[in-house]
1. Looking only at region 90-111, which residues are away from the ligand (no atom under 16 Å from the Cβ) and either assigned to a loop (DSSP other than H, G, I, E, B) or crowded, with 20+ Cβ neighbours inside 10 Å (or both)?
2. Considering only residues that are open to solvent by 40 Å² or more (accessible area, probe 1.4 Å) and closer than 18 Å to GLN207 by Cα, which ones fall in region 229-245?
3. Return the pairs, sorted by first residue and then second, in which the second residue is outside any helix (DSSP H, G or I) and at pLDDT below 95, the first residue lies in region 129-145 and is within 19 Å of GLU98 (Cβ to Cβ), the beta carbons are less than 7 Å apart, and the residues are 6+ apart or on different chains.
4. Counting only residues that are open to solvent by 30 Å² or more (accessible area, probe 1.4 Å) and not polar (S, T, N, Q), which one in region 176-189 is farthest from ALA206 (Cα to Cα)?
5. Please specify each residue of region 3-29 satisfying the condition of being over 14 Å from the mean Cα position of the chain (by Cα) and either modelled with pLDDT under 95 or surrounded by 21 or more Cβ atoms within 10 Å (Cβ to Cβ) (or both).
6. Suppose the filter is open to solvent by 40 Å² or more (accessible area, probe 1.4 Å) and in contact with a Ser or Thr (Cβ under 9 Å, 6 or more places away or on another chain); does THR45 pass it?
7. For region 123-175, which positions are open to solvent by less than 50 Å² (accessible area, probe 1.4 Å), more than 20 Å from SER202 (Cβ to Cβ) and assigned to a loop (DSSP other than H, G, I, E, B)?
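The values are calculated or read from the model by the stated rules, or taken from the named source; none is laboratory data. Everything numeric in this text was worked out from a predicted model, so none of it was measured. Methodologically, a virtual Cβ is constructed for each residue, glycine included, from the backbone with ideal geometry; neighbour enumeration extends over all protein chains shown. The area values use the complete protein model at the heavy-atom level, side chains included, leaving out ligands, DNA and RNA. Shrake-Rupley method; radii C 1.70, N 1.55, O 1.52, S 1.80 Å.
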Amino acid sequence: MRKPVIAGNWKMYKTIGESVDTALSLKPLVANANHCEVVLAPVFTAIKTVADRLEGSNVNVAGQDCSTEIEEGAHTGEVAAFMLRDAGARYVIVGHSERRQMYAETDSMVNKKTVAGISAALTVILCVGESLAQRDQGIAENVVSGQLRGGLSRLTASDLDRIIVAYEPVWAIGTGRTATPEQAQEMHAFIRRVFAEGHSASAGAAQGLRIIYGGSVKPENISGLMAQPDIDGALVGGASLKAESFAQIVNYKK
Ligand code: PGA
C-alpha cells in the first residue's frame, strides 16, 4: 500500500510571517488527514519558523532545493541538505523544472542533490517532466526516463524508499492546463516500469515507489487524478498558497 503524499510548493512566495499564518490556518483544516502525508515547502528563510510552529502536527516541512555539496564549506549562497534537516525539514524537492530551466540544473547536479538529501536523512522529491516541444516531438518518455536514470544513479537499494518521484509536465506548471488523468497515468505507469528495470535487484521497490503528479493541480481536478492507479499524490504550486484550497486538495476523499 503506497501512502499518498500531498505537497505544497510555495516557490518564492510569502514572508516568514505570511508563511506562518498560512501554515497555522492549514493545520486544523488537515488535522484529520491520516490518509496521506502532508508537506509544505516554504522559502529557506521561513523553514525553521514554520517547522517549529507545526511541531507535533501532521504537516511536514520541505526545502525547495539543496546544495549539490554534502559537507559545509566555502559555497556562497548554498544551503546544504543537512542544514535543511537542522532547520526542521524532513523532505527536499530536487530537480524542479524551474531550477532546470532558469538555473541550468543538469541531471548530474540533480543526482548530487538527491544523494545529499538522502545522506541527510531527508525524503527526496525528485521532479521530472517534459516540455511541450518535447511532447510534441514524441520524445516525452525519452526525456523523462533520462531524467529518472540520471537523477537516481549511484543510489543503493536502501536509499530508494527515501525517494518520491514527482512527474510535472512543464507545459502544465502554472499554466492552468493540467494533464488529463489518463495522460498522467500513462506517464506514471511508464516511470514505474523504468524504475523497475533500473532496480530489478530490489524486488518490490518499484511497486512501493510513490509517484506524485504536479502541474495545475486544483481542488476541482485532484479526485480524477487520484483515481488513477499509479498516481500517489500531488505536488501543488499555485493552489497551495491559500490554506483553504490546499486543504481541499489534501482532503480530496471527503
Ligand atoms: P502549479 O505548480 O501547481 O502552480 O502548476 C506546480 C509546481 O511547480 O510544482
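1. Of everything in region 90-111, those that are away from the ligand (no atom under 16 Å from the Cβ) and either assigned to a loop (DSSP other than H, G, I, E, B) or crowded, with 20+ Cβ neighbours inside 10 Å (or both) turn out to be ARG90, ALA104, THR106, ASN111.
2. PRO229
3. none
4. Filtering region 176-189 for residues that are open to solvent by 30 Å² or more (accessible area, probe 1.4 Å) and not polar (S, T, N, Q), the one farthest from ALA206 (Cα to Cα) comes out as GLY176.
5. Selection gives SER19, THR22, ALA23, LEU26.
6. Criteria met by THR45.
7. GLY129, GLU130, SER131, GLU168, PRO169, ILE173
One line per residue, one yes/no per condition, for (1) modelled with pLDDT under 95; (2) over 17 Å from ILE231 (Cβ atoms):
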| residue | (1), (2) |
| --- | --- |
| HIS96 | no, yes |
| ALA104 | no, yes |
| VAL128 | no, no |
| GLN147 | no, yes |
| THR156 | yes, yes |
| ASP159 | yes, yes |
| GLU182 | no, no |
| ILE191 | no, no |
| PHE195 | yes, no |
